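Trainee: Take this structure first; my questions come after.
The values are calculated or read from the model by the stated rules, or taken from the named source; none is laboratory data. Values in this document were obtained by computation on a predicted structure and should not be read as measured data. Cβ sites come from the backbone with ideal geometry, for glycine too, and all protein chains shown count toward neighbours. Ligands, DNA and RNA are stripped out before the accessible areas are found, and what is left, the full protein with its side chains, is counted by its heavy atoms. Shrake-Rupley method; radii C 1.70, N 1.55, O 1.52, S 1.80 Å.
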Amino acid sequence: PQTPPPHYCRLAGQIILLPMLAFALGHVFQLEPLFFIGIILIACSPGGSSSNIFSMIAKGDVALSVSLTACSSIITLFTIPVIMEFATHFVDSNLDIDIISVGSLIMQNLVLMFLPIVAGIFTKRYRPQMAEGFKDIVEDSFPALILLATIFFIQHHSTITDQFGKLGICISVLILLAIGGGVLLSKSMYLNRKEQRTL
């Protein structure tokens with residue numbers, strides 16, 4: 001059957017489905033204003049470079065993952081300020097939170113997303129052997145990611161322990177629903193196994 005490209009499926013899930021899920025869960029769990037806004041910010045943010053690494057480790061479609069990261073990073077330049085403005089006024093109109101500016105998001109995307117992608121394209125084109133060497137390094141980087149996560153938990157263990165109850169359950173439910181939504185979306189679009197794994 002003829003279906004939309006996986007880009008549309010994934011972007012619809014990230015730009016529309018995830019913020020809606022986060023908003024609903026934050027309301028159901030009656031999170032404090034700062035945590036409510038925090039979980040929505042997480043949900044409406046782009047995938048980031050680490051998602052591409054996980055796609056490679058999981059033997060997914062890395063090219064699809066990179067292109068989705070690039071597209072979502074551009075789209076969220078405009079969606080994040082709008083969503084966060086709405087969320088802030090929803091929980092507390094008097095809450096004093098600096099909304100992220102589009103200018104700062106553009107600079108972050110240039111440094112963290114655009115420049116590495118361009119460097120990777122040129123390396124793959126003109127130094128293919130070097131690119132293969134980098135690929136091997138990235139594929140073996142999972143322990144480093146786990147180490148970084150462990151350091152983060154150690155640094156913030158008191159806050160995490162204090163808020164692990166209701167907030168921890170809320171975030172766990174969000175993760176499970178996001179995974180389930182990704183599975184349902186990818187299967188409904190009849191994507192192949194690598195594309196499904198990426199989503």
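Trainee: Do we find that ILE42 is under 19 Å from the mean Cα position of the chain (by Cα), open to solvent by 60 Å² or more (accessible area, probe 1.4 Å) and modelled with pLDDT of 85 or more in this structure?
Mentor: Judged against the criteria, ILE42 is a match.
Trainee: Based on what the data block shows, is SER172 over 18 Å from SER50 (Cα atoms), over 21 Å from the mean Cα position of the chain (by Cα) and among the small types (Gly, Ala, Ser)?
Mentor: Taking the combined requirement at face value, the residue does not satisfy it.
Trainee: Output the qualifying pairs, or none if there are none: Cβ atoms under 8 angstrom, residues six or more apart or on different chains, first residue in region 18-36 and of a type outside the set (A, V, I, L, M) and part of a loop (DSSP other than H, G, I, E, B), second residue open to solvent by less than 50 Å² (accessible area, probe 1.4 Å) and at pLDDT below 90.
Mentor: Once the first residue is of a type outside the set (A, V, I, L, M) and part of a loop (DSSP other than H, G, I, E, B) and sits in region 18-36, its partners that are open to solvent by less than 50 Å² (accessible area, probe 1.4 Å) and at pLDDT below 90 give PHE29/LEU167.
Trainee: Among the residues of region 160-174, which ones are open to solvent by 80 Å² or more (accessible area, probe 1.4 Å), assigned to a helix (DSSP H, G or I) and either touching a helix residue (DSSP H, G or I) at 6+ places or on another chain (Cβ under 8 Å) or free of Cβ contacts under 8 Å to residues at least 24 places away in the same chain (or both)?
Mentor: THR161, ASP162
Trainee: I need a count of the residues in region 46-57 that are open to solvent by less than 50 Å² (accessible area, probe 1.4 Å), of a type in the set (Gly, Ala, Ser) and over 11 Å from GLU195 (Cα atoms).
Mentor: Within region 46-57, the subset open to solvent by less than 50 Å² (accessible area, probe 1.4 Å) is 46-48, 51-53, 55-56.
Filter once more, keeping what is of a type in the set (Gly, Ala, Ser): 47-48, 51, 55.
Still in the list and also over 11 Å from GLU195 (Cα atoms): 47-48, 51.
Residues that pass the stated criteria total 3.
Trainee: On to the next question. Given (1) more than 17 Å from ALA43 (Cβ to Cβ); (2) open to solvent by 50 Å² or more (accessible area, probe 1.4 Å), where does LEU177 come up short, assuming only one miss?
Mentor: (1)
Trainee: Then there is this: Under the condition of being under 27 Å from LEU41 (Cβ atoms) and open to solvent by 30 Å² or more (accessible area, probe 1.4 Å), which residue from region 181-195 is modelled with the lowest pLDDT? Reasoning before the result, please.
Mentor: First pass over region 181-195, keeping only residues under 27 Å from LEU41 (Cβ atoms): 181-186.
Among the residues that remain, those that are also open to solvent by 30 Å² or more (accessible area, probe 1.4 Å) are: 183-185.
Numbers: VAL183: 84, LEU184: 85, LEU185: 81.
The extreme case among them is LEU185.
Trainee: Can you pull out the residues in region 78-97 that are aliphatic (A, V, I, L, M), modelled with pLDDT of 80 or more and open to solvent by less than 70 Å² (accessible area, probe 1.4 Å)?
Mentor: ILE80, ILE83, MET84, ALA87, VAL91
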